[in-house]
Amino acid sequence: MKLVKIGLCCMVMVFILNGCATTGGKTTQDKRQDILSMRNEVLADLYKVYPNAKAEIAAAPGYAVFSNVNVNIIFASFSGGYGVVKDNKTGKATFMKMGEIGIGLGLGVKDFRAVFIFHDRATLTRFVDSGWEFGGHADAAAKASDKGAAVGGEALIDGITIYQLTKSGLALQATVKGTKYWKDDELN
């Protein structure tokens, strides 16, 4: 019975986070525009911190930018967010959502952005069509606006370079997470 309660709490947290991590637009076009504006802002911030990322993105088959809110409550971690994948060859934008559940040690709330650079077409296609990611994660963040610091950075995993930029939050975590990315039926 205790396991059922924990499972239900996890599901409720994911739905709450997905509700918190939504765009501000009312119409479908407004929501798309909000996501594209977020993407442009995140890329500008990324290029300030990692100038070489601009050339990496230009040379890649495609890239993705996601906005994510993460909550860690002692032994559990929950995230929800949205983003867009751009195919550099076709110019097509695929709008996506994401949800994440993890176990491990952590405490805090963090609002961060992630940029994925796909190094081959097969990886890009697999991400858009399947969208699963599974892995460990450790970080620390204490940031509000431009004040504070966050440890995140860059990682290369299975043909994808991932950059993480923390917007705000206070979190310390070491977790194993399962993440699901999926196409947003409303926006595509």
- line: Here the stretch 37-54 yields Karplus 3J(HN,Hα) values (6.51, -1.76, 1.60; θ = phi - 60°; whole Hz; Gly and Pro given as x) of 5, 4, 4, 4, 5, 5, 4, 4, 5, 4, 5, 5, 7, 10, x, 5, 4, 4
query: Can you work out ³J(HN,Hα) from phi for every residue in the stretch 75-85, in order, using Karplus 6.51 cos²θ - 1.76 cosθ + 1.60 and θ = phi - 60°, giving whole Hz and x for Gly and Pro?
result: 9, 10, 9, 9, 9, x, x, 8, x, 9, 10
message: Give me, ordered by chain and number, the residues 5 or more places off GLY62 or on other chains with an amide H under 5 Å from its own placed amide H.
response: ASN88, PHE118
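Determine, for each peptide in 31-44, 70-83, the mean count of other beta carbons within 10 angstrom over its residues, then list the peptides with the highest first. Can you show the working numbers first?
Working: 31-44: 16.6, 70-83: 21.1.
Most protected by this proxy first, the peptides run 70-83, 31-44.
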query: Cβ under 15 Å from LYS92's Cβ, LYS92 left aside: what net charge do those residues give with Lys, Arg +1 and Asp, Glu -1?
result: +3
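Sort 85-91, 61-67, 95-101 for me by packing, meaning the mean count of neighbouring Cβ atoms within 10 Å per residue, highest on top. Spell out each step's value before the answer.
On the way: 85-91: 14.9, 61-67: 24.0, 95-101: 21.1.
Ranked by mean Cβ neighbours within 10 Å, highest first: 61-67, 95-101, 85-91.
Readers should treat all values here as calculations from the given coordinates under stated rules, not as data from a laboratory. What you are looking at is a predicted structure, and each value in this text was computed from that prediction instead of being measured. For neighbour counting, all protein chains shown are included, and Cβ atoms are generated from backbone atoms with ideal geometry for every residue, glycine included.
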